[in-house]
Amino acid sequence: MAVEQASYKVLAKEGPFEIRLYEPMVVASCQEADLSGGDGFSRLFNYIGGNNRDSNKISMTAPVLNRPEARQATMAFVMPNRMRLQDLPRPNDPALELVEIQERRMAAVVFSGRVNPGVTGRKKAELLEWLRKNRRAAVGETELARYNPPFLPGFLRRNELLVEVSDL
């Protein structure tokens with residue numbers, strides 16, 4: 001069964017690097033302690049599983065987004081493309097927040113394997129160097145996008161590090 005993914009258009013591609021234009025989206029988000037995602041994932045999964053004011057189930061989508069370098073790390077589930085903020089049931093969990101994200105241009109580096117701070121640090125350095133060489137500037141913090149369930153072997157996993165960009 002195919003999982004719906006956040007909608008974007010590839011504007012440029014070079015090896016594992018891409019510049020993308022993401023359509024507006026809504027995410028359900030919460031604070032997270034670390035990249036393992038145990039607490040945040042459970043809270044978000046419960047929300048889409050029906051732990052919300054309307055007891056509605058919401059389809060799982062990809063990717064799951066993390067902001068591991070933020071002052072307070074976060075985890076977010078992208079809501080299905082057809083759903084707007086006003087369409088979503090309010091979470092029962094006060095730790096969850098529904099956030100509308102406007103259209104944005106993002107740089108991405110795609111990689112496989114398991115994720116840890118060492119891997120994300122190396123990928124961030126590679127992405128920022130590629131942006132520098134291509135006369136683009138990172139705007140804001142990086143986001144980690146994960147597309148696969150945790151039981152999938154690392155070599156089969158699709159991960160991405162994303163950052164909003166502007167031209168220099």
Legend entry - Of the criteria (1) loosely packed, with under 15 Cβ neighbours inside 10 Å; (2) part of a strand (DSSP E or B); (3) not hydrophobic (A, V, I, L, M, F, W, C), which one Arg105 fails: (1)
Inset, instruction - Output the residues belonging to the range 1-24 that are touching a strand residue (DSSP E or B) at 6+ places or on another chain (Cβ under 6 Å) and farther than 16 Å from Val163 by Cα. - result: Val3, Glu4, Gln5
Inset, instruction - State whether one or more residues within the range 2-21 are free of Cβ contacts under 8 Å to residues at least 12 places away in the same chain and more than 26 Å from Gly121 (Cβ to Cβ). - result: yes
Legend entry - Only one of Val115, Val110, Val119 that is out of contact with any Asp or Glu (no Cβ under 9 Å at 6 or more places or on another chain), of a type in the set (Val, Ile, Thr) and surrounded by fewer than 20 Cβ atoms within 10 Å (Cβ to Cβ): Val119
Inset, instruction - Filter the range 132-168 down to residues that are acidic (Asp, Glu) and within 19 Å of Met79 (Cα to Cα), then give me how many there are. - result: 2
Legend entry - Every residue from the range 120-168 that is at pLDDT below 95, within 22 Å of Glu4 (Cα to Cα) and among the polar types (S, T, N, Q): Asn148
Inset, instruction - Look at Val115 and say whether it is within 18 Å of the chain's Cα centre (by Cα), within 19 Å of Glu32 (Cβ to Cβ) and part of a helix (DSSP H, G or I). - result: no
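The values are calculated or read from the model by the stated rules, or taken from the named source; none is laboratory data. In this text, all values refer to a predicted model and were calculated from it rather than measured experimentally. For neighbour counting, all protein chains shown are included, and Cβ atoms are generated from backbone atoms with ideal geometry for every residue, glycine included.
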